[in-house]
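Shown next, in structure tokens, is the structure this report addresses.
The values are calculated or read from the model by the stated rules, or taken from the named source; none is laboratory data. These numbers come from a predicted model, not from an experiment. Quick reminder, even Gly has a Cβ in these numbers, built from the backbone with ideal geometry, and neighbours come from all protein chains shown. The area values use the complete protein model at the heavy-atom level, side chains included, leaving out ligands, DNA and RNA. Shrake-Rupley method; radii C 1.70, N 1.55, O 1.52, S 1.80 Å.
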Amino acid sequence: MNPIVGLPLAALGFGILLQILLNRAASPKLKGWLAFLCGAIALAGTLAMLPSVMQGTAIDQTLVLWDQNIPLQYHVDGLSLIFALMATGIGSAILLYCIHYMAHETEGTTRFYVLMLTFIAGLVNLVFSANLLLVYFSWEVIGLCSYFLVGFWYKESAAANGARKVLVMTHIPGYGLLAGILLLYQRSGTFVWTDPSVTAAFTTGIFILMLVAAMAKSVMFPLHTWIPEAMNAPTPVSALLHSACYVKAGVYLIARMYSIAPWPHAWNIIVMTLGCITILIGAIFALAQTDMKRLLAYSTISQLGYIITALGLGTNLGVAAGLFYCLSHGLFKGTLFLCAGAVQHATGTRDMRRLGGLATRMPWTARIWLIAAAAIIGVPLTNGFVAKWLLLDAALNANQIVVVIVAWVVSVITAVYMLKATVSVFYGDMPAWLKVAEVHDAEPSMLAGMGILGGLCLLFGLAPQILFKSLVAPAIHALGFNWEVSLTYLGLQTTSAGVQVTLGAGIAVIAILASLLAYSLTRPGKTQRASVGVFTGGDPLPETAGMTAVDFTELAEANFGPVYKFTDPDRVYLPIWNGIRTLAEGFEKLLHPISENYPLLATLVLAVLVFITVWLS
């Protein structure tokens, strides 16, 4: 094996082995440091492949010649490297955060770190694999890891039920990917997607099957309702699930299908439609949340919709915008989840109705949160601004006005619910119970994990061309598109076709800077009075004046109540699930006495039934 290709997986595998061997000997903190170091080595190994990929050279490596038509192969190109770097890079930052976060867990830390490292390795193996059987194997590995990690605190019924829902809602649609792979093999005679014969065998039916699997993994409507239930996991798991690994597997699959075969226009329309609906649904449901992590979960749905919509545009700039948005989302959403975890770790709650004024007690967490919140909203100087700007530009160039309107409207909604979360948690009056509680800022290792991701949100907002030249451009070329990097600082385009967009972005940045200057010149000085009396028209001013998380939620529920009811697919899923459970319980009551009293007879009858079923099929 090429040592460079094997290094990331070897480092992660060695980390898994270390965790098992040192199960009883190592402390939770030492286990955390070992996991982080192995993740960092995997990141270094992934970065070592960057020079070759930047030159447009894919790295091919055969692992095992298992069969004439089933070689187990790796094919590492620009697209593979983007997702491998998200898994190992963001994953390493999250593992650094875990060192203190998990230090006080009394049991299960070995299980936790083994699953986290396996999770990261699963996505790396998925995006490296040229053999579709290896792709499906990795697909299911990360699915099982998510099940066990969401149910990490399995003694709590909410965690166990959430894990079960994640497994069912993502595993069953995953059979679409398996069916598509088997149909491709039946039509082409190979499992290797780089084989030219696969292109001719790739049909609309196979595309739909694989798209359904991707929809479940990437929380696209209507297969998205599992993600809020996954919030019962430890916060680092939520960050890894929603920013780096799990939801990005579906994005990878959709993007990779551009490599396998050219898309007819109908496929683009299907993906764009699903993306736009997902953007709206996620944002509208986020407005009504009072739990920090559930709000961020619904926000993930909306942001994934942006990424899928950009990929669905099918143009050079659209795909570039989608891949850059994917990278950006991993950074700012990972940061937001880690900040939410720091708040819960310090206060014991993530209920925004019980929080407030934490910026005075947790100043660094608040600053990092503000950077990531600005990025997800799309404030200039952040990577989120560049991602949204490129998406809007691509949609305008493709004459997709509906995409432009949806993206712009939901950007406003995003600003509203992020403002709600920011004010409710970090600003305003501090509740009485928090004033007497011992609340302090996050530990250095936790701040470092959050700070690295937050700092990259600023770096790639100021100089996005770094990512475009090193990662996005090679990935676009690997997908069969021909687009040269035409961006400079702040995401401004340098080609003649982008003059209007560049001018608009310049005006936006100048307006913001002018507003900041005006504010700095007119704000009261330290010697001036901090505030003046509020005119109330003679009516007494209530003590709880101002908008709170509850007010936002009640306002959203009052205005979007019918929308919430109509667009919630759990109204359909849950009766089906309950019916299956009732049927299973009935069979269990009927068959249990037989299997207990006559086990040999029951085994023989079951074997005959299986044989008849296989024979008839």
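Does V402 satisfy the criteria of being open to solvent by less than 10 Å² (accessible area, probe 1.4 Å), modelled with pLDDT of 95 or more and part of a helix (DSSP H, G or I)?
Against the criterion (open to solvent by less than 10 Å² (accessible area, probe 1.4 Å), modelled with pLDDT of 95 or more and part of a helix (DSSP H, G or I)), V402 does not qualify.
For region 337-354, give me each residue that is outside any helix (DSSP H, G or I) and in contact with a Gly (Cβ under 9 Å, 6 or more places away or on another chain).
Matches in region 337-354: R350 only.
Please find, among E484, E438, the residue that is surrounded by fewer than 24 Cβ atoms within 10 Å (Cβ to Cβ) and within 22 Å of G318 (Cα to Cα).
Answer to the check: E484.
Restricting attention to helices (runs of 4 or more DSSP H) lying wholly within region 121-230, give those where 3 or more residues are out of contact with any helix residue (DSSP H, G or I) (no Cβ under 8 Å at 6 or more places or on another chain) and open to solvent by 10 Å² or more (accessible area, probe 1.4 Å).
Counting at least 3 such residues, we get 157-188.
Could you tell me which residue of region 5-51 is modelled with the highest pLDDT, considering only residues that are closer than 14 Å to S80 by Cα and of a type in the set (V, I, T)?
So, considering only residues that are closer than 14 Å to S80 by Cα and of a type in the set (V, I, T), the one modelled with the highest pLDDT is T46.
Which residue pairs have Cβ atoms closer than 8 Å, lie 6 or more positions apart in sequence or on different chains, and pair a first residue in region 311-323 that is assigned to a helix (DSSP H, G or I) with a second residue that is of a type in the set (D, E, K, R)?
Note: pairs meeting the criteria are L317/D393; A321/D393.
Residues in region 449-460: is at least one small (G, A, S), at pLDDT 90 or above, outside any loop (DSSP other than H, G, I, E, B) and open to solvent by 20 Å² or more (accessible area, probe 1.4 Å)?
yes
If I ask for residues that are surrounded by fewer than 24 Cβ atoms within 10 Å (Cβ to Cβ) and in contact (Cβ under 8 Å) with a residue 24 or more places away in the chain, which ones from region 59-84 would you list?
Just the residues of region 59-84 that are surrounded by fewer than 24 Cβ atoms within 10 Å (Cβ to Cβ), to begin with: 59-75, 78.
Passing the criteria: I59, D60, Q61, L63, N69, I70, P71, L72, Q73, Y74, H75, G78.
Of the numbered conditions (1) surrounded by fewer than 24 Cβ atoms within 10 Å (Cβ to Cβ); (2) touching a Pro at 6+ places or on another chain (Cβ under 6 Å); (3) not aromatic (F, W, Y), L37 satisfies every one except a single condition; which is it?
So L37 meets the others, but not (2).
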